[in-house]
Amino acid sequence: MNNKQNIYWTIFISTFYISAVTFGGGYVIVPILKKKFVEDLKYIDDEEMMNMIAISQSSPGAVAINTSMMIGFKLKGALGGFISVLGTVLPPFLIISLISIFYDNLSKMQLFSKFLQYTQPAIAVIIFNVAFNLILSSKEKKENYVLFIIMITLILSLFKINMMYILLISALLGIINYFVKRR
Amino acid sequence: MLYLKLYLVFAKIGLFSIGGGYASLPLIEENIVNNYKWLNNSEFLDLLSISQMTPGPIAINAATFVGTKVAGVFGAIVATLGFITPSAIIISIFSYIYFKYKDLGIFKSILNSLRGSVIALIGISGYKMILQQLHLENNYNDNFNILNLTLMIITFIILRIVKKIDPLIVMLCIGILGMFLSGIFSV
């Protein structure tokens, strides 16, 4: 019983913490989720984490919310999903509610905004590095098909093709690959 | 019914923003500023700068901000719920399918594909951010940012040496170092 309560609490507190400290949007959430749920808590392995991010990215809504929801679902079903969404939504909700009330004092945040500005170069390298590590580990595991898709995606995005179409093409290639391999 | 309207408009934004924050921004602007006039242009710009200084997905920030302004705390709750609803339904279905069939051949193959694409997209987004932070993304002669380059090299060295380090600690340290160095660089 105690253990069961603990995991709900862990889900809530982890998603709350991640959401509260993740500034800047975009893929910053990927290395942070990986660190928490794959490396520290060891609830999920690397491949599954990336699968969930891929599904979240291909679905409507915010990637951070979708991915947390899937992690919650995996760990504790519908209730787990609900709790992880609550944990993810609460920090920005509370902070923006407060700011909406004290909205005139934005200039007081200038020093903080300067600090955030200098975290940007670090975030850029961290995001690049996480992709770099994932490519290396695919190479190590000899996932030739995944490496092939990485190449294709890089080439497609050179032509500035919309991400939606890239994901669609990618899914189609997955289907083709399945039938080719089965024959 | 203002609450219902808030709920439905943000549900629509949630449903059509595929691909994260950058996809939802034009949708938010079109609906909130142009169609419903819940925010004027300068309030929308305020929302953007507040979002950059606060954690969390930009759409949640927008829902809370607009909801509070239009209909108080309850408005903020309704707008936020609206944005999450489409995600919650679709992700529930996808999660169910994923956890049930993830070992099925054809699903595995599609997932391998999507995983590869997302890895590449993450790399591209990091690469673009690096160029942007070095001020290299424009063709005209913008000042090349030596300070940011220094911070990037330090970040990269830390990440390669201490592989298990918490990325948040790296961000914190580099942010502080940047403020410190910018004082020195500007003297």
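Dividing the Cα radius of gyration by the Kirkwood radius, what Rg/Rh value follows for the range A:81-161?
In the range A:81-161, Rg relative to Rh is 1.18.
When averaged across all projection directions, what area in nm² does the alpha-carbon convex hull of the protein assembly as shown cover?
Details: hull surface 81.9 nm².
Result: a mean projected hull area of 20.5 nm².
To one decimal place, what orientation-averaged projected area in nm² is obtained for the convex hull of the Cα set of chain A?
For the Cα atoms of chain A, the hull's average projected area reads 14.0 nm².
Starting from the amide H of B:ILE18, placed 1.01 Å from N in the peptide plane, find each other amide H under 5 Å away whose residue is 5 or more places distant or on another chain.
A:GLY61
Quick one: putting +1 on the C-beta of Lys and Arg, -1 on the C-beta of Asp and Glu, what dipole do you get for the protein assembly as shown around its Cα centre, in Debye to the nearest 20?
1000
How compact is chain B by the rule of thumb for globular proteins, expressed as Cα Rg over 2.2 N^0.38 Å?
Chain B yields a ratio of 1.30.
Relative to the first principal axis of the alpha-carbon coordinates of chain A, what is the inclination of helix A:144-158, with its axis defined by its Cα atoms, in degrees from 0 to 90 and to the nearest 10?
70
Using the Cα centre of chain B as origin and beta-carbon charges of +1 (Lys, Arg) and -1 (Asp, Glu), tell me which of B:ILE90, B:TYR36, B:LEU147 is placed farthest towards the positive end of the dipole.
Sorting the options by dipole projection puts first B:ILE90.
What's the angle, to the nearest 10 degrees (0 to 90), between helix A:46-57's Cα axis and the longest principal axis of chain A?
So the inclination is approximately 80 degrees.
Going from the alpha-carbon gyration tensor of the range B:76-174, what semi-axes, largest first and in whole Å, does one get by taking the root of 5 times each eigenvalue?
36, 21, 17
What number do you get for the range B:6-77 when its Cα radius of gyration is normalised by 2.2 N^0.38 Å, N = residues?
Compared with the compact-globule rule of thumb, the range B:6-77 sits at 0.98.
Could you report the accessible area of B:TYR3 in Å², rounded to 10, computed with a 1.4 Å probe on the protein chains as they sit in the structure?
Rounded to the nearest 10, that gives 80 Å².
Could you work out how far helix A:110-140 tilts from the main Cα principal axis of chain A, as a 0 to 90 degree angle to the nearest 10?
Approximately 20 degrees, to the nearest 10.
Over 27 Å between Cα atoms: which of A:LYS36/B:LYS12; A:LYS42/B:LYS108; A:LYS42/A:LYS141; A:LYS160/B:LYS163 fall into that group?
From the list (A:LYS36/B:LYS12; A:LYS42/B:LYS108; A:LYS42/A:LYS141; A:LYS160/B:LYS163), the Cα-Cα distance tops 27 Å for A:LYS36/B:LYS12; A:LYS160/B:LYS163.
Just counting partner chain Cβ atoms within 10 Å, what average do the residues of peptide B:29-35 show around their Cβ?
Across the residues of B:29-35, the mean count of other-chain Cβ atoms within 10 Å is 0.
Just tell me how shielded A:141-149 is by partners: mean number of partner chain Cβ atoms within 10 Å of each residue's Cβ, no decimals.
Across the residues of A:141-149, the mean count of other-chain Cβ atoms within 10 Å is 3.
Can you list the DSSP H helices in chain B whose Cα atoms extend at least 24 Å along the helix axis and whose mean Kyte-Doolittle hydropathy is -0.5 or higher? Walk me through the numbers before you get to the answer.
Values: long enough: B:58-101 (44 Å, 1.46); B:105-133 (42 Å, 0.83); B:167-186 (28 Å, 2.25).
Helices meeting the span and hydropathy rule in chain B are B:58-101, B:105-133, B:167-186.
The values are calculated or read from the model by the stated rules, or taken from the named source; none is laboratory data. Computed from a predicted model, the values in this text were never measured in an experiment. Note: ideal-geometry Cβ built from the backbone for every residue, glycine included; neighbour counts use all protein chains shown. We work out accessible area using only protein heavy atoms, side chains counted, and drop any ligands, DNA or RNA first. Shrake-Rupley method; radii C 1.70, N 1.55, O 1.52, S 1.80 Å.
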